[in-house]
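Read through the structure below, which is laid out as structure tokens, and then see the notes.
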Amino acid sequence: MQAELVPGLAGNDPDEGILVRMGTLYIVGTPIGNLEDLTRRAVRVLGQVSLVAAEDTRVTRKLLSHLSIHVPLVSYHSRNWRSRLPTILDALTSGDVALVTDAGMPVVSDPGSDLVAAARAAGNRVEVVPGPSAVTAALAVSGLPGDCFLFLGFLPRRGKSRTSKLQSIATLTAPFAPLAAPIIIFEAPHRLRTTLQDLLTVLGDLDLAVCRELTKLHEEVFRGSVSQALDYFTEPRGEFVLLLAGTDPPSGPEAPSQPQLEAASAELAKLKQSGSRARAAVAQVAADYHLPRKIVYQLWLQTTD
């Protein structure tokens, strides 16, 4: 708890005031698998707050029981956050509150940003207690460059929306894109193969890393192409982080020129309008214009019917 002097509440003299105690909202990172990754500071804070707002109280109760911490819990997730906000803000008037998710850092592809904003607006202090993150853990273990990346979180569940989302970033994965950076996606096991197939269809057979069950007993990091990942993960289990490798722009004497790319793209558009299949059209244009098939396939994806 922090004490704050509020002027004018003690009498008519505006210079007078009283001390009002304001609770602190702690944003606490929790393990993504291995309980040993929980920091000592996180343990201390969880043991001192008067309330824990949890994405799933059952998951958090197991963690707190493991730590021999007994503190009231209230659920706070994407489906009930509006109705829970008043309860948590009220709790902050008399004590400190910790916000946690099932695993990793709150707010990162998880609920919490609205609570943080509301707590700040109410005059409460907000502190972060950093912890594990599946995003940075996957990037570190993947071997892909980490100086910049694009994080998409979970893709839309509906097929049409998911395809549209992937089409919106298609230009970023092209071999001649100005930004060659990994694209990071979270995925559940029952949707992994569908997502991989959509990646193959929309973005092409890119190189990628698939991180499964990070920090857990059966942790696994797969490196290969999207099609190879489809062959490998026939019965997916566990939680997945996908990292699509950004493709560096070609350089040197064999790099395609802009006129060459434009001509190849125009030819692909004609072939698509005439009803040609992708494989045949890509093979024909790659041979006619002396271009790598991967580049031609990216051009094919960007052409309109």
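For this structure, a couple of remarks:
- Solvent accessible area, Å² - residue 66, 1.4 Å probe, full protein context: 120 Å²
- Percent carbon-and-sulfur accessible area, the chain, ignoring ligands, DNA and RNA, probe 1.4 Å: 50 percent
- Computed extension length for residue 273-residue 114: 52.5 nm, one decimal, from 0.36 nm per residue of separation with the Cα-Cα distance subtracted.
- Neighbourhood charge, 11 Å Cβ-Cβ cut-off, centred on residue 299 and excluding it, Lys, Arg +1 and Asp, Glu -1: +1
- Computed from backbone phi with θ = phi - 60° and the Karplus coefficients 6.51, -1.76 and 1.60, the 3J(HN,Hα) list for the range 197-202 is 5, 5, 4, 5, 5, 8 Hz; x is used for glycine and proline.
- Computed over protein heavy atoms with a 1.4 angstrom probe, the accessible surface ordering of 37, 198, largest first, is 37, 198.
- Farthest towards the positive end of the charge dipole of the chain, among the residues 169, 224, 283, is the Cα of 283, using unit charges on the Cβ of Lys, Arg, Asp and Glu.
- Secondary structure note: in the chain, about 55% of the DSSP beta bridges are antiparallel.
- Electrostatic dipole magnitude of the chain [Cβ: Lys, Arg +1; Asp, Glu -1; Cα centre; debye, to 20]: 920 debye
- For the chain, the number of Lys pairs separated by eight or more positions or lying on different chains, with C-alpha atoms closer than 27 Å, is 9.
- Full-extension gain in nm, residue 188 to residue 280, via 0.36 nm per residue minus C-alpha separation: 29.7 nm
- Take the Cα of residue 59, step 7 Å toward its Cβ, do the same at residue 234, and the gap between the two points is 3.0 nm.
- Candidate residues 94, 65: accessible-area rank, largest first, probe 1.4 Å: 94, 65
- Sorted peptide list for 183-189, 79-85, criterion being average Cβ within 10 angstrom, highest first: 183-189, 79-85
- Helix 278-289 and the longest principal axis of the Cα set of the chain meet at an angle near 60°.
- Rounded tilt (10° steps) of 57-66 against the dominant C-alpha axis of the chain: 70 degrees
- For the range 106-162, size of Cβ-based charge dipole, Lys and Arg +1, Asp and Glu -1, in debye: 380 debye
- Considering only 239, 262, 55, the mean-square fluctuation computed in a Gaussian network model of the chain, springs between alpha carbons under 10 angstrom, is largest for 262.
- Amide N proximity, the range 78-108 versus residue 50 label position 7 Å along Cα-to-Cβ, cut-off under 19 Å: 84-100
- Between helix 293-302 and the chain: long-axis angle, C-alpha atoms, 0 to 90°, nearest 10: 70 degrees
- Note on mean projected area of the Cα convex hull in nm²: of the candidates [x] 14.2; [y] 15.7; [z] 21.5, the value calculated from this structure sits at [z].
- Solvent-accessible surface of protein heavy atoms, probed at 1.4 angstrom with all chains present, puts 110, 90 in the order 90, 110, largest first.
- Label-point separation in nm, residue 257 to residue 160, each point 7 Å along Cα→Cβ: 4.4 nm
- For peptides 152-160, 279-287, sequence by mean Cβ density within 10 Å, most packed first: 279-287, 152-160
- A Förster distance of 30 Å, applied to the separation of the beta-carbon atoms of residue 223 and residue 266, puts the FRET efficiency at 0.25.
The values are calculated or read from the model by the stated rules, or taken from the named source; none is laboratory data. What you are looking at is a predicted structure, and each value in this text was computed from that prediction instead of being measured. Quick reminder, even Gly has a Cβ in these numbers, built from the backbone with ideal geometry, and neighbours come from all protein chains shown. These accessible areas exclude ligands, DNA and RNA; they are computed on the full protein's heavy atoms, side chains included. Shrake-Rupley method; radii C 1.70, N 1.55, O 1.52, S 1.80 Å.
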